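The values are calculated or read from the model by the stated rules, or taken from the named source; none is laboratory data. These numbers were taken from a predicted model, which means no experiment stands behind them. Every residue, glycine among them, receives a Cβ derived from its backbone with ideal geometry; neighbour counts consider all protein chains shown. The protein model used for the area step is the full one, side chains on, heavy atoms only, and it has no ligands, DNA or RNA in it. Shrake-Rupley method; radii C 1.70, N 1.55, O 1.52, S 1.80 Å.
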Amino acid sequence: MKINLITLYPALKSIFSFQNMIITLDANFFIPPDRSRYINRAFDFQLFKRIWLDPIFKVFPNLAIHEAVYDELILPSFKIYADTNVYAVPPKLLIHKDSSLTSEEMMLRDSIEEKIYPLTKYDPMLNNKDERGEVKTLAYIAVKGLCYFAANDFNAIQLIEKAKEWGTGLDNVKAIKMYELIFYLYKNNLSDKKNLRILYKYQYHLAKHEKSINPEWSKFIEVMESLYQEK
């Protein structure tokens, strides 16, 4: 994924001063990246949990996932972590359920899904797993007026950022990208900075083509601090 260091995104700007909004997470925010095709190891879950998941759950009290994404968390370590937060008192992770939609909302949800799914690998007739979580999540939060979707999936982000051009019906949804939250954790001293650098490099500066289009860590931090400096 190419990092955008030109545009200032209001979604990231807003969470520096307000952390209580509902932020809906894609599956890739729970599952550590596996880029073993470029390097001979996946990202360790315990490290991912310590430097990424735990800090995010500590600072944001209203995180959520759609039930279709929850169903994708098959491996025990991911599922246990999610359930620990779902069943905490008070809950630290909300689950969006389609059963909570009114009949009118269901009709609107269906119409948005019809606009989205042809632009993805999901086929509602087959109900296949490919990108089902993203489609179900985006349609649900658009209907419910929930603005923030945190994702690291390029196509899901494009569905949001090209909403008007592609006619996806997601005009009021705002994407929060993984690299933006890496910077947020760094800037607010919420996680180990050395390990955040490792996560950033693993995600965005690992393959040869990524090194040609994305900045190395120190330049990334420098430009992001310039973009999101306090006014």
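Might you report the magnitude of the Cβ-based charge dipole of the chain about its Cα centre, with Lys and Arg at +1 and Asp and Glu at -1, to the nearest 20 debye?
960
Enumerate the amide H contacts of I176 below 5 Å, restricted to partners 5 or more residues apart or on another chain; note that Pro and chain-start residues carry no placed amide H.
For I176, whose amide H was placed from the backbone, the distant partners under 5 Å are F149, A150, A151.
Dividing the Cα radius of gyration by the Kirkwood radius, what Rg/Rh value follows for the chain?
We get a ratio of 0.95 for the chain.
Given contacts defined as C-alpha pairs under 8 Å and at least six residues apart, what's the relative contact order of the stretch 107-231, whole-number percent?
About 17 percent, as a whole number.
Solvent-accessible area of D44, probe 1.4 Å, all protein chains present, reported in Å² to the nearest ten, please.
Accessible area of D44: about 90 Å².
How far apart, in nanometres, would the label points at Q229 and R41 be if each is projected 7 angstrom from Cα along the Cα-to-Cβ direction?
3.7
Below 8 Å, C-alpha to C-alpha, sequence gap of six or more: please give me the relative contact order for the chain in percent.
Contact order relative to length: 26 percent.
What FRET efficiency, computed as 1/(1 + (r/R0)^6) with R0 = 45 Å and r the Cβ-Cβ distance, is obtained for K208 and K58, rounded to the nearest 0.05? Could you put the intermediate results ahead of the total?
Working: r = 36 Å, r/R0 = 0.79.
Working from the Cβ atoms, E equals 0.80.
Can you give the extra length, in nm with one decimal, that the chain gains between S99 and Y9 once fully stretched, where that is 0.36 nm per residue apart less the Cα-Cα distance?
Numbers: separation 90, 0.36 × 90 = 32.40 nm, distance 3.24 nm.
The S99-Y9 span can extend by a further 29.2 nm.
Got a sec to turn the phi values of the stretch 4-14 into Karplus ³J(HN,Hα) couplings, 6.51 cos²θ - 1.76 cosθ + 1.60 with θ = phi - 60°, whole Hz, x for Gly and Pro?
8, 10, 10, 9, 8, 9, x, 4, 5, 4, 5
Per-residue HN-Hα couplings for the stretch 102-112, Karplus 6.51 cos²θ - 1.76 cosθ + 1.60 at θ = phi - 60°, whole Hz, x for Gly and Pro?
6, 4, 5, 5, 5, 5, 5, 4, 4, 5, 6
Measure nothing but the geometry: give the 0 to 90° angle between the long axis through the Cα atoms of 76-86 and the longest principal axis through the Cα atoms of the chain, rounded to 10°.
70
Pull out the extension gain between S77 and K129, defined as 0.36 nm times the separation in residues minus the alpha carbon to alpha carbon distance; nm, one decimal. Intermediate results must be reported in sequence, preceding the final value.
Details: separation 52, 0.36 × 52 = 18.72 nm, distance 2.02 nm.
Going from the current span to full extension adds 16.7 nm.
Please sort by residue number the chymotrypsin sites (Phe, Trp or Tyr not before Pro) in the stretch 1-110 whose DSSP state is loop and whose Cβ has at most 12 other Cβ atoms within 10 Å. Display every interim value, and only then the final one.
On the way: sites: F16, F18, F29, F30, Y38, F43, F45, F48, W52, F57, Y70, F78, Y81, Y87; in loops: F16, F18, F30, Y38, F43, Y87.
Here the chymotrypsin sites (Phe, Trp or Tyr not before Pro) that fit, given the DSSP loop and packing criteria, are F16, F18, Y38, Y87.
Loop-only trypsin sites (Lys or Arg not before Pro) in the stretch 1-59, please: DSSP not H, G, I, E or B, and at most 15 other Cβ atoms within 10 Å. Working shown, then result.
On the way: sites: K2, K13, R35, R37, R41, K49, R50, K58; in loops: K2, R35, R37, R41.
Counting only loop positions with at most 15 other Cβ atoms within 10 Å, the trypsin sites (Lys or Arg not before Pro) in the stretch 1-59 are K2, R35, R37, R41.
Starting from the Cα-Cα distance between N195 and K162, subtract it from 0.36 nm times their residue separation and give me the gain in nm to one decimal.
8.6 nm
Taking every Cα atom in the stretch 166-231, find the radius of gyration and the maximum pairwise distance Dmax, and write them in Å.
14.0, 41
Taking 41 Å as R0, compute the FRET efficiency from the Cβ-Cβ separation of E222 and K121 and round it to 0.05.
Working: r = 37 Å, r/R0 = 0.90.
With a Förster radius of 41 Å, E is 0.65.
Helix-only mean residue ellipticity at 222 nm, the chain, DSSP H runs n ≥ 4 weighted -39,500 (n - 2.57), per residue, nearest 500. What is it?
Details: 13 runs with 109 residues, N = 231.
Rounded to the nearest 500, the figure is -13000 deg cm²/dmol.
Read phi for every residue in the stretch 114-124 and hand back ³J(HN,Hα) as whole Hz from Karplus 6.51 cos²θ - 1.76 cosθ + 1.60, θ = phi - 60°, with x for Gly and Pro.
4, 7, 7, 4, x, 8, 10, 8, 7, 10, x
Using modelled backbone amide H atoms (1.01 Å from N, in-plane), which distant-in-sequence or interchain residues come within less than 5 Å of L94's amide H?
Sorted by chain and number, the residues that satisfy this are L63, A64, I65.
Rounded to the nearest 0.05, what FRET efficiency do D110 and N172 give with R0 = 30 Å and r taken as the Cβ-Cβ distance? Could you check?
Efficiency at R0 = 30 Å is approximately 0.95.
Counting only C-alpha contacts under 8 Å and six or more residues apart, can you give the relative contact order of the stretch 93-178 as a whole percent? Let's see the in-between values first.
Values: 89 pairs, mean separation 23.2, N = 86.
About 27 percent, as a whole number.
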